[in-house]
Amino acid sequence: MKEFFSLLKGGNKPSLLAAIVNSFIGVLKMVAYLLTGNIAMFAEMMHSFGDAANQLFVFIGSALSKKAPTPRFPNGFGRVVNLVCLGAVIIVGILSYEAIKEGIHHLLHPAETTGLAIILSVLGIGVVLELFVFYKAGKEVLHEAGVEGKGLAVFTKSVTHLKQAKPATKLVFMEDFVATSGGVLAMIAVLIAHFTSFVQAEGIASIIIGLMMFYVVGRVFLENARGAIGETDDEMRVHISRIIMKDEHVRDIKRLHVVKEGESLHVDAKIEVDKSISIAEADDIRDRLKLLIYAQKGVSDVVISFDEDNLKADWQPL
């Protein structure tokens, strides 16, 4: 248990912040829904609780993924965060379905709701808090991508560099983008229903919010499914190949795998050297290359083996 709490200190901070904030927002929306019966508020309540559960799982998974390898699991626990994200999207998927179902029911059986001030106040508070978490997630995206950004530039740059972020940070960023835009959409729907008597607007908003949640489910599922299987990082593969080929004793690269292990990279290389070099010289080459490769961002494990030069160019980068 002591080790578990120690690992939690290294968990993804934006996901923990998002879980706490979304839990608070979810309770506010639940109270507002019980008082008013507003269907758009119901969809937003489901969304907030779904995000909170999702992000809590992601925080725990990101922390456990940093557990050191053991004799039973020599490759480490890097992919735990991918597995946790895959489980978490099931929750969001169920809540998305409920939001869409209730929205369709409201379209078929429209009903007016009361408590405009309560609804707008709660949704407004939710949007502000979600926007704060979204900003923090954007800052974390830029930090992980090694990019500077302040003010409104955080939102624009983080979208551009989202692919370079860790799986947990990506999930928080996408969920809070949908949550923020969903809150604004719900407010617009409530105002339309109140001032135009087009009460179906709230049902339409609930369906759109549910569909946006499904989009996040699809994106997160596909990305983490690839991560759980083991996906090559093509950009880092090319970068590391250049580092290896710069060594004066390396003749060619026979094999190079750079596989994402959760939030880190596992590098497995087989390089060709002159057959006349000694074991001691080969060991020096390995140590030198390992030092350089470990210095690269995200690399947590490096395996280098040797083969004699076959006088042919084998290395073909993707």
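The values are calculated or read from the model by the stated rules, or taken from the named source; none is laboratory data. For clarity, every value in this text was computed on a predicted model and none was experimentally measured. A quick note on method: Cβ atoms are made from the backbone with ideal geometry, for glycine too, and the neighbour counts reach across all protein chains shown. To get the accessible areas, we keep the full protein, side chains included, count just its heavy atoms, and leave off ligands, DNA and RNA. Shrake-Rupley method; radii C 1.70, N 1.55, O 1.52, S 1.80 Å.
Descriptive notes on the structure:
- For the pair residue 275 and residue 73 in one chain, pulling the backbone fully straight at 0.36 nm per residue adds 69.2 nm over the alpha carbon distance.
- Taking all protein chains together and a 1.4 Å probe, the residues 41, 30, 174 rank 30, 174, 41 from largest to smallest accessible area.
- Sparse-neighbourhood loop sites, GluC sites (Glu not before Pro) in the range 119-184 - DSSP loop, at most 13 other Cβ within 10 angstrom: 148
- For the range 16-153, fraction of C-alpha pairs farther apart than 27 Å, in %: 36 percent
- Cα-centre dipole for the chain with unit charges at Cβ (Lys and Arg positive, Asp and Glu negative), debye to 20: 400 debye
- Cα gyration tensor category, rounded, prolate or oblate, for the range 100-140 with a/c compared to 1.5: oblate
- When all protein chains stay in place and ligands, DNA and RNA are ignored, the 1.4 Å accessible-area order of 70, 160, largest first, is 160, 70.
- Comparing 109, 194, 143 in a Gaussian network model of the chain, where Cα atoms under 10 Å apart are tied by springs, the biggest mean-square fluctuation is seen for 109.
- Net length gained if the chain between residue 184 and residue 296 were fully extended (0.36 nm per residue, minus Cα distance): 36.2 nm
- Per residue accessible area in Å² of the range 58-128, where ligands, DNA and RNA are left out and the probe is 1.4 Å: 51 Å²
- Heavy-atom accessible surface of the chain: percent carbon and sulfur, 1.4 Å: 65 percent
- Put simply, the range 102-198 fits an ellipsoid with semi-axes of 34, 14, 10 Å; these come from the alpha carbon gyration tensor as the roots of five times its eigenvalues, largest first.
- Paramagnetic reach from residue 255 (point 7 Å along Cα→Cβ, amide N under 19 Å) across the range 286-317: 286, 290, 301-317
- Length released on extending from residue 284 to residue 155, taking residue separation times 0.36 nm less the Cα-Cα span: 41.9 nm
- Loop-located GluC sites (Glu not before Pro) in the range 70-119, at most 11 other Cβ atoms within 10 Å (DSSP): 112
- Accessible-area value, residue 133, 1.4 Å probe, nucleic acids and ligands omitted, Å²: 0 Å²
- Spin-label pair residue 114/residue 246, simplified geometry with 7 Å Cα→Cβ offset, distance in nm: 7.2 nm
- Rg over Rh [alpha-carbon atoms, Kirkwood Rh] for the range 24-80: 1.35
- In the range 124-175, Rg over Rh equals 0.97, where Rg is the alpha-carbon radius of gyration and Rh the Kirkwood radius from pairwise Cα distances.
- Qualifying trypsin sites (Lys or Arg not before Pro) for the range 245-298 [loop in DSSP, other Cβ within 10 Å: at most 10]: 246
- The residues of the range 254-318 expose, per residue, 58 Å² of accessible area to a 1.4 Å probe.
- Remark: for residue pairs 275/297; 139/163; 67/246, the C-alpha separation exceeds 23 Å in 275/297; 67/246.
- Here the calculated FRET efficiency for residue 309 and residue 20, from their Cβ-Cβ distance with R0 = 35 Å, stands at 0.05, rounded to the nearest 0.05.
- Highest-fluctuation residue, 161, 239, 47 considered, GNM on the chain with Cα pairs under 10 Å: 239
- Using a probe of 1.4 angstrom and keeping all protein chains present, the accessible surface of the range 138-181 works out to 46 square angstrom per residue.
- Convex hull volume of the range 195-316 per residue (C-alpha atoms, cubic angstrom): 134 Å³
- Surrounding net charge for residue 89, when Lys and Arg each add one and Asp and Glu each subtract one, Cβ distance under 11 Å: -1
- Matching label, log10 I(q)/I(0) by the Debye sum over Cα atoms at q = 0.06, 0.07, 0.11, 0.16 Å⁻¹ computed from the structure shown, candidates (1) -0.29, -0.38, -0.75, -1.20; (2) -0.38, -0.47, -0.74, -1.15; (3) -0.20, -0.27, -0.69, -1.46: (1)
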